[in-house]
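Chemist: Let me give you the structure first, and then I'll get to my questions.
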């Protein structure tokens with residue numbers, strides 16, 4: 001009789017455990033693709049024109065213009081694959097637009113498939129007409145200055161971009177937000193990295209060399225550049241670009257040299273071809289290997305090792321009224 005009761009209790013417990021696993025998996029699936037505002041609505045000053053999305057078929061890309069409400073889009077890995085690492089993906093677009101699909105969604109999905117919690121940062125942009133053929137004059141001037149610098153080699157410093165400060169503020173907020181929610185998402189708060197492309201790489205570099213409280217634990221920077229001195233406690237960096245980059249031919253090399261001079265771990269890949277803007281789409285160039293090399297670098301530095309101990313509790317919550325500056 002006692003054996004029968006024990007078996008009945010164990011059977012009920014098995015059902016409860018199975019339901020809990022299903023429920024947990026369902027929660028994970030529900031949160032994948034969830035778009036999370038970084039600020040309370042009243043905190044942000046909206047642009048005078050609404051946010052728009054434009055599909056540019058010849059680019060194979062979806063561009064988002066006039067962003068005044070920064071968000072994170074969450075891509076969670078399957079629970080059995082999760083390794084506790086998180087990567088915030090900051091797409092490019094010159095701070096005029098966000099190249100969201102190829103520079104964001106495609107990369108985030110690949111990262112999640114590998115067990116990494118991925119989040120796409122949709123940071124603020126400058127105001128524009130929303131037409132990809134109608135570039136704001138301020139950005140035309142920036143591009144002209146970059147092209148002239150690429151040809152002459154001077155000035156050494158890369159001119160700041162309009163909108164960059166707001167993007168960095170949003171990136172800072174994003175890093176702290178992910179750490180704040182690390183326990184909920186199964187993330188180790190000491191393994192929160194950022195992968196930036198072009199303008200997004202400037203955000204990653206600015207954060208890596210900025211205030212300690214919002215530095216990522218590691219950064220990946222694709223065809224970007226560096227503005228600040230690299231501190232001795234900066235995070236490790238994966239840096240990649242193409243030798244035929246017509247806009248920033250030396251930006252990545254200078255960034256690597258600065259990391260090396262500060263005696264901070266860094267890895268540099270300069271591909272023969274790839275131009276400015278390579279992504280996951282195969283082109284036949286050696287730059288096609290960048291993603292696997294980035295993942296291999298994360299593995300080699302143990303950022304993808306599953307946590308064997310209970311993750312540390314997340315830091316205190318971020319006040320919604322707090323300024324998210326670096």
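Chemist: Could you pull out every one of the strands (runs of 3 or more DSSP E) wholly within the range 47-101 that has 1 or more residues that are free of Cβ contacts under 8 Å to residues at least 60 places away in the same chain and at negative phi?
Modeler: 52-56, 61-65, 71-75, 97-99
Chemist: Residue under question is residue 117, and the condition is that it be modelled with pLDDT of 95 or more, closer than 17 Å to residue 67 by Cα and crowded, with 24+ Cβ neighbours inside 10 Å; does it hold?
Modeler: Working: modelled with pLDDT of 95 or more: yes; closer than 17 Å to residue 67 by Cα: no; crowded, with 24+ Cβ neighbours inside 10 Å: yes.
Considered against the rule, which asks whether it is modelled with pLDDT of 95 or more, closer than 17 Å to residue 67 by Cα and crowded, with 24+ Cβ neighbours inside 10 Å, residue 117 comes out as no.
Chemist: Separate question: Being surrounded by 21 or more Cβ atoms within 10 Å (Cβ to Cβ) and assigned by TED's automatic domain parsing to the domain that holds residue 123 narrows it down to one of 163, 153, so name that one. Don't jump to the end; show me each part of the working.
Modeler: Working: 153 fails: surrounded by 21 or more Cβ atoms within 10 Å (Cβ to Cβ).
The conditions single out 163.
Chemist: Tell me, yes or no, whether the range 209-217 has at least one residue that is in contact with a strand residue (DSSP E or B) (Cβ under 6 Å, 6 or more places away or on another chain) and in the same structural domain as residue 147 (by TED's automatic domain parsing). Before you say what the answer is, go through the steps one by one.
Modeler: First, the residues of the range 209-217 that are in contact with a strand residue (DSSP E or B) (Cβ under 6 Å, 6 or more places away or on another chain): 216-217.
With the extra rule that they be in the same structural domain as residue 147 (by TED's automatic domain parsing), the set shrinks to 216-217.
Yes: the range 209-217 contains one or more residues that are in contact with a strand residue (DSSP E or B) (Cβ under 6 Å, 6 or more places away or on another chain) and in the same structural domain as residue 147 (by TED's automatic domain parsing).
Chemist: Could you check residue 128 against (1) surrounded by fewer than 23 Cβ atoms within 10 Å (Cβ to Cβ); (2) in contact with a strand residue (DSSP E or B) (Cβ under 9 Å, 6 or more places away or on another chain); (3) modelled with pLDDT of 95 or more; (4) farther than 23 Å from residue 164 by Cα and say which number it fails?
Modeler: Residue 128 satisfies all of (1) surrounded by fewer than 23 Cβ atoms within 10 Å (Cβ to Cβ); (2) in contact with a strand residue (DSSP E or B) (Cβ under 9 Å, 6 or more places away or on another chain); (3) modelled with pLDDT of 95 or more; (4) farther than 23 Å from residue 164 by Cα except (4).
Chemist: Could you say which residue among 200, 224, 220 is in contact with a strand residue (DSSP E or B) (Cβ under 7 Å, 6 or more places away or on another chain) and either surrounded by fewer than 20 Cβ atoms within 10 Å (Cβ to Cβ) or closer than 21 Å to residue 189 by Cα (or both)? Don't jump to the end; show me each part of the working.
Modeler: On the way: 200 fails: either surrounded by fewer than 20 Cβ atoms within 10 Å (Cβ to Cβ) or closer than 21 Å to residue 189 by Cα (or both); 224 fails: either surrounded by fewer than 20 Cβ atoms within 10 Å (Cβ to Cβ) or closer than 21 Å to residue 189 by Cα (or both).
After applying the criteria, what remains is 220.
Chemist: Residues being under 25 Å from residue 210 (Cβ atoms), in contact with a strand residue (DSSP E or B) (Cβ under 9 Å, 6 or more places away or on another chain) and surrounded by fewer than 18 Cβ atoms within 10 Å (Cβ to Cβ): count how many of those fall in the range 258-283.
Modeler: 3
Chemist: Just give me the residues in the range 29-58 being touching a helix residue (DSSP H, G or I) at 6+ places or on another chain (Cβ under 9 Å) and at pLDDT 90 or above, in sequence order. If you could, list the steps in order and put the result at the bottom.
Modeler: Let us first name the residues in the range 29-58 that are touching a helix residue (DSSP H, G or I) at 6+ places or on another chain (Cβ under 9 Å), namely 31-32, 36, 38-39, 55.
Residues satisfying the conditions are 36, 38, 39, 55.
Chemist: Moving on. Kindly indicate which of 202, 177 is without any contact (Cβ under 8 Å) to a residue 60 or more places away in the chain and closer than 29 Å to residue 293 by Cα. Explain how you work it out, then say what you get.
Modeler: Numbers: 177 fails: without any contact (Cβ under 8 Å) to a residue 60 or more places away in the chain.
After ruling out the rest, the residue left standing is 202.
The values are calculated or read from the model by the stated rules, or taken from the named source; none is laboratory data. Bear in mind that the values here come from a model prediction, so they are computed numbers and not experimental data. Note: ideal-geometry Cβ built from the backbone for every residue, glycine included; neighbour counts use all protein chains shown.
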